[in-house]
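Please read the structure below before turning to the comments.
The values are calculated or read from the model by the stated rules, or taken from the named source; none is laboratory data. Note that the structure is predicted; figures quoted are calculated from it, not measured. Here the Cβ is made from the backbone with ideal geometry for all residues, glycine too, and neighbour counts use every protein chain on show.
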Amino acid sequence: MKKMLFFFALITTSIGFAQNDEAFVDALVAQKMAELEMQQHPEYFLRKDYCDGNIQMFIMPDGKHCASKSTYYTVYVFWKEDEDMMKVQKFDNCGSFIPIPLGISKNMKKALKEKQDLKTEDVKPYKSEKVDNNAFENMSVQSCQKEYRFVFDGAVFEKSFKEFDLTNDSKYKNVNADHNKSLLLIKLDNDISEMIKNFEESGRFFREK
């Protein structure tokens, strides 16, 4: 009897509960990018953030619950409005957010200007200066990643990296850390991360109804 009551309660609480996967997020973003193409925005790009296995749950504006299915994905789409202004729109497993205007930072201006450098440079994988076969404490799984997609005057290119590639969190120094941190892509990424952090802390991301 208790099992039946638990099953009924589970069914009841599941009403109005949504779970969406990466394909759902990608479909929302593809629609946004199609809109930008139709509006003839020559310069726009996106950043997708995720950590494998990280699950998030939210209460939506209508009171319903929504959770990521398997992994939580956030995508930020940026497009240029004029020489000094851009807009960013956030998407995740539970839908889209209202676009926010923002000023173009120094590193963002540089990235938009030096497109070829942005296209050709690559983040090098984490490489320890020493190999210690007995350093079990040195073994960890770093699964947080960022993926970029740039569209400049109809030309498309993509970049991706693991956050671990930028660190020195292992027992021995990451010999590629300084190189990676010097890249235009990573300087742009740092600006974006700081901006997103400020928007999150100030409560500026509002879900679209």
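Scanning the stretch 60-85 for residues that are under 16 Å from ASN20 (Cα atoms), surrounded by fewer than 19 Cβ atoms within 10 Å (Cβ to Cβ) and hydrophobic (A, V, I, L, M, F, W, C) returns MET60, ALA67.
Of all residues in the stretch 125-150 being surrounded by 16 or more Cβ atoms within 10 Å (Cβ to Cβ) and at pLDDT 95 or above, which is farthest from VAL29 (Cα to Cα)?
Within the stretch 125-150, the match that is farthest from VAL29 (Cα to Cα) is GLN145.
Within the stretch 49-71, the residues that satisfy the criterion of being assigned to a strand (DSSP E or B) and closer than 20 Å to LYS209 by Cα are MET57, PHE58, ILE59, HIS65, CYS66, ALA67, SER68. Among the residues of the stretch 86-101, those identified as in a strand (DSSP E or B) and either crowded, with 18+ Cβ neighbours inside 10 Å or in contact with a His (Cβ under 8 Å, 6 or more places away or on another chain) (or both) are MET86, VAL88, GLN89, LYS90, PHE91, ASP92, GLY95, SER96, PHE97.
Going by what's in this entry, would ASP52 be described as closer than 23 Å to GLU194 by Cα and in contact with a Cys (Cβ under 9 Å, 6 or more places away or on another chain)? When the stated conditions are applied, ASP52 passes them. Determine if the stretch 72-85 includes at least one residue that is among the hydrophobic types (A, V, I, L, M, F, W, C), in contact with a Ser or Thr (Cβ under 9 Å, 6 or more places away or on another chain) and assigned to a strand (DSSP E or B). No, the stretch 72-85 contains no residue that is among the hydrophobic types (A, V, I, L, M, F, W, C), in contact with a Ser or Thr (Cβ under 9 Å, 6 or more places away or on another chain) and assigned to a strand (DSSP E or B). If you go through the stretch 7-39 and pick out every residue that is modelled with pLDDT under 50 and either surrounded by 10 or more Cβ atoms within 10 Å (Cβ to Cβ) or at positive phi (or both), you end up with 5.
Put simply, of ALA27, ALA23, ALA34 the only residue that is of a type in the set (Gly, Ala, Ser) and over 17 Å from the mean Cα position of the chain (by Cα) is ALA34.
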